[in-house]
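Novice: There's a structure below that I have some questions on.
The values are calculated or read from the model by the stated rules, or taken from the named source; none is laboratory data. Quick caveat: nothing in here was measured; it's all calculated off a predicted structure. Positions of Cβ are generated from backbone atoms using ideal geometry, with glycine treated the same way; all protein chains shown enter the neighbour counts. Only protein heavy atoms, including side chains, enter the accessible area calculation; ligands, DNA and RNA are left aside. Shrake-Rupley method; radii C 1.70, N 1.55, O 1.52, S 1.80 Å.
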Amino acid sequence: MTTARSWLPLALMSTLIIALGAYAAARQDAFLTEYNLRNLLLTAMPLALVAIGQTNALLVGGFDVSVAALMTLCVVVASYTLQPDKPWPMLLGGAFAILGVGLATGVFNATLIRVLKLPSIIATLGTLSILAGASLLLRDHPEGFINIDVIDTLNTSVRFVPYAFIAVVVLAIVADLWLYRTRAGLALRAVGLDDTSSRRLGMATGRTVFLAFVICSLMAAVAGFYSAAQVQIGSPIIGNYALESIAAAVLGGASLAGGKGSFVGTLLAALFLTEIGNVLPLFQQPTEYAQMTIGGLILLALVLYQAPELLARLRTSRGGVGRLRMRAPAA
């Protein structure tokens, strides 16, 4: 039963991707063009990367709602460090500076959560405000173009498949193998399931949680590169990747309580959510439908993935009511 339940998110997301793609291809010839498929995969890159990072936070029982603001700050920083006409050595240094922003944010969040014992949602909400303010301070309106050579490098593809997307697929597969086939992966899931018991068993719970949030922020910084490649300018306003990254992780099988998740499932969910946004304009439908669909899918996924627990609670509550009724006459 446990094995079947672990495969359910992957099967559901794969089925939805194929079904939606088949429906769109049957009614819109433009869907299967190389241009559209390449655009779909490139558009999925920021969400896929930040959602994979968010999965790390969810696995240890936390949230990171600052990832969207961090991605925005990375785009703004890129408009200074990855400017046109700069030589490659300076561009390489600029790329490391962006990663440094992600690393510093991750260490800051992890310190608030693990050292100061703040709830993750409160700590990262505070970080969100700081990062958003920093972005507006640096760029109060969109300006500062991103180096076109950097953009072309990030978007390099073989036919319609970007090399970066292939790398993300490999990363997700390797990460899942690590999560379920190694002691370190077991420790990560154990901390999310029961932090106290894991500590009593001698696991380095503090280090595990700390690294999970650092990796989450680093992945958001990498996602910032692909957001910069899409907007191509230092914009202080980027999409709401915080909620979308949590949605992708949950649809991919992550538990909001921690201890469960799949990086491959998260990648599939990110691709499906991006596919929804790609298909709607082809049918000339409002993009607001995408947000409504995502909300409905999250609720459906929570019910489907936790159906056994919900049924067990229902049976327990019914049994308790039955016992009370039997005892009532005796009283």
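Novice: In whole Hz, what ³J(HN,Hα) sequence does segment 150-160 give by Karplus (6.51, -1.76, 1.60; θ = phi - 60°), x for Gly and Pro?
Specialist: Working through the residues one at a time gives 5, 4, 5, 5, 5, 9, 4, 9, 10, 6, 9 Hz.
Novice: Based on alpha-carbon centroids, what's the gap between segment 154-180 and segment 1-76 in Å, whole number please?
Specialist: 12
Novice: State the Cα centre-to-centre distance between segment 263-309 and segment 223-244 in whole Å.
Specialist: 20
Novice: Then there's this: For helix 163-181, what angle does its Cα long axis make with the longest principal axis of the chain, in degrees from 0 to 90 and rounded to 10?
Specialist: 30
Novice: Leaving out ligands and nucleic acids, note down the accessible area per residue over the chain with a 1.4 angstrom probe, in whole Å².
Specialist: Using a 1.4 Å probe on heavy atoms only, each residue of the chain averages 50 Å².
Novice: Would you mind calculating the relative contact order of the chain from Cα pairs under 8 angstrom and at least 6 residues apart, reporting the percent as a whole number?
Specialist: 34
Novice: Let me have the 222 nm mean residue ellipticity of the chain computed from DSSP H runs of 4+ only, each contributing -39500 (n - 2.57), with the sum over all residues rounded to the nearest 500.
Specialist: Values: 14 runs with 252 residues, N = 331.
My calculation for the chain gives -26000 deg cm²/dmol from helical runs alone.
Novice: Would you work out which of Thr287, Trp7, Ala247 lies farthest towards the positive end of the dipole of the chain, given +1 charges on the beta-carbon of Lys and Arg and -1 on that of Asp and Glu, about the Cα centre?
Specialist: Trp7
Novice: Next question. Between the helical axis of 288-305 and the dominant principal axis of the chain, each derived from Cα atoms, what acute angle in degrees is found, rounded to the nearest 10?
Specialist: Value to nearest ten degrees: 40.
Novice: Can you tell me the 0 to 90 degree angle between the C-alpha axis of helix 205-231 and the longest principal axis of the chain, rounded to 10?
Specialist: Between helix and principal axis, roughly 40 degrees.
Novice: If you don't mind, there's one more thing I want to ask. Could you compute the FRET efficiency for Glu143 and Ser197, with r as their C-beta to C-beta distance and R0 at 45 Å, rounded to 0.05?
Specialist: The pair Glu143/Ser197 has a calculated efficiency of 0.30.
Novice: Which residues make up the longest stretch of the chain that has no trypsin sites (Lys or Arg not before Pro) in a DSSP loop with at most 15 other Cβ atoms within 10 Å?
Specialist: Result, exposed sites excluded: 160-331.
Novice: If you count only protein heavy atoms and use a 1.4 Å probe, how large is the accessible surface of Leu82, to the nearest 10 Å²?
Specialist: 10
Novice: For the full complex of protein chains and a 1.4 angstrom probe, list Asp194, Asp29 by accessible area with the highest value first.
Specialist: Values: Asp194 65, Asp29 135 Å².
Largest to smallest exposure gives the sequence Asp29, Asp194.
Novice: Taking 0.36 nm per residue of sequence separation and subtracting the Cα-Cα distance, how much length would be gained by fully extending the chain between Trp178 and Leu314, in nm to one decimal?
Specialist: Full extension from Trp178 to Leu314 adds 45.4 nm.
Novice: Would you please give the residues with an amide H less than 5 Å from that of Gly144, counting only those at least 5 places away or on a separate chain, with H modeled from the backbone geometry?
Specialist: Gly234
Novice: A further question on this structure: Let me spell out the model: positive unit charges on the Cβ of Lys and Arg, negative unit charges on the Cβ of Asp and Glu, origin at the Cα centre of the chain. What dipole size does that give, in debye rounded to 20?
Specialist: It comes to approximately 1880 debye.
Novice: Kindly state, to the nearest 0.05, the FRET efficiency for Trp7 paired with Tyr80, given R0 = 51 Å and r defined as their beta-carbon distance.
Specialist: My answer for the efficiency is 0.65.
Novice: Related question: Once Lys and Arg get +1 and Asp and Glu get -1 on their Cβ, which of Ala257, Leu154, Val107 lies farthest toward the positive end of the dipole of the chain?
Specialist: So the residue furthest toward the plus end is Ala257.
Novice: Using a 1.4 Å probe on the protein heavy atoms only, what accessible surface does Thr156 show? Give it in Å² to the nearest 10.
Specialist: 60
Novice: Could you give the nm distance between label points at Ser157 and Ile121, where each point is 7 Å from its Cα heading toward the beta carbon?
Specialist: If labels sit at Ser157 and Ile121, their model points lie 3.8 nm apart.
Novice: Going by amide H atoms built from the backbone, whose H comes under 5 Å of the H on Ser157, apart from near neighbours?
Specialist: So Ser157 has HN proximity to Tyr163.
Novice: Another question, if that's okay. With a 1.4 Å probe and all protein chains left in place, how much of the accessible area of the chain comes from carbon and sulfur atoms, in whole percent? Could the numbers behind the result be given before it?
Specialist: Working: 11270 of 16600 Å².
Reported share for carbon and sulfur atoms: 68 percent.
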